[in-house]
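Since the structure comes first, as C-alpha cells, the remarks are kept for the end.
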Amino acid sequence: MALEFIDGFDHYTQTGMMARKWSASSPFDSGAGFVTGRFGAGNAFKLHWNTSVPFVNVGSLATRIVGFAANFQGANQNYQVFAFRDSGTVQVDLRMTTTGALQVTRNGTVLATTSNTISAGQWYYVEFQVTINSSTGSFTL
C-alpha cells in the first residue's frame, strides 16, 4: 500500500480552501470552521456531525486505512464519524453512539460496538481499516 492522501489544516486560511482537496459533499456546512489544534497551536477543522461526515471513496482498492485525531464534544446522538463510500453509497461507517461508544456499521447493520467509551473534550487518535468484499470483508478499529 502507498500513502494516497495526508492532510493537516495548518495551511488553510478559509473553509473554501477545503474544496481543493476534499469532495464537494464533504463537511463544509455553515457551522464548519477552524479552531485551535490539539497541541494549542495550528488549526483543526470543526465539523457539525449531524449534517455532514468526512468520507473516503474506496474506488478500485478493496482495503483502505484512515487515521485521524478527533476531539468529540459530546455523545448526544447517534451520528457518523467517518464513512467509506463506493459511488456515493456508504459501504462501512464509523459512528458515535449516544453512550459515547464507537460503532462500526454496514448498511445500517451494526457489526461491532466498542466496550470503551469516548470522553467529551478529550483528544483521541482513531485508526480505521476496512476491506470491502461481499463474503470476506473485514475491519479493524
Need pairs with beta-carbon distance below 6 Å; first residue within 19 Å of R38 (Cα to Cα) and modelled with pLDDT under 75 and within segment 64-86, second open to solvent by 40 Å² or more (accessible area, probe 1.4 Å) and not basic (K, R); sequence gap 6+ or separate chains.
Q73/A120; G74/A120
From the residues in segment 132-141 that are of a type in the set (V, I, T) and in a loop (DSSP other than H, G, I, E, B), which one is surrounded by the most Cβ atoms within 10 Å (Cβ to Cβ)?
I132
Looking only at segment 83-121, which residues are within 16 Å of the chain's Cα centre (by Cα), closer than 11 Å to F72 by Cα and in a loop (DSSP other than H, G, I, E, B)?
G100, I118
Scan segment 91-118 residue by residue and report those that are in contact (Cβ under 8 Å) with a residue 40 or more places away in the chain and of a type in the set (S, T, Y).
T117
Number of positions in segment 43-63 that are at pLDDT 70 or above, closer than 23 Å to R106 by Cβ and part of a strand (DSSP E or B)
1
Top-ranked residue in segment 92-131 [being within 22 Å of G59 (Cβ to Cβ) and either of a type in the set (K, R) or at pLDDT below 85 (or both); ranked as surrounded by the fewest Cβ atoms within 10 Å (Cβ to Cβ)]:
N107
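The values are calculated or read from the model by the stated rules, or taken from the named source; none is laboratory data. None of the values given here were measured: they were computed from a predicted structure. Counting neighbours? That spans all protein chains shown, and the Cβs are built from the backbone with ideal geometry, glycine included. Ligands, DNA and RNA are excluded from the accessible area calculation, which covers all protein heavy atoms including side chains. Shrake-Rupley method; radii C 1.70, N 1.55, O 1.52, S 1.80 Å.
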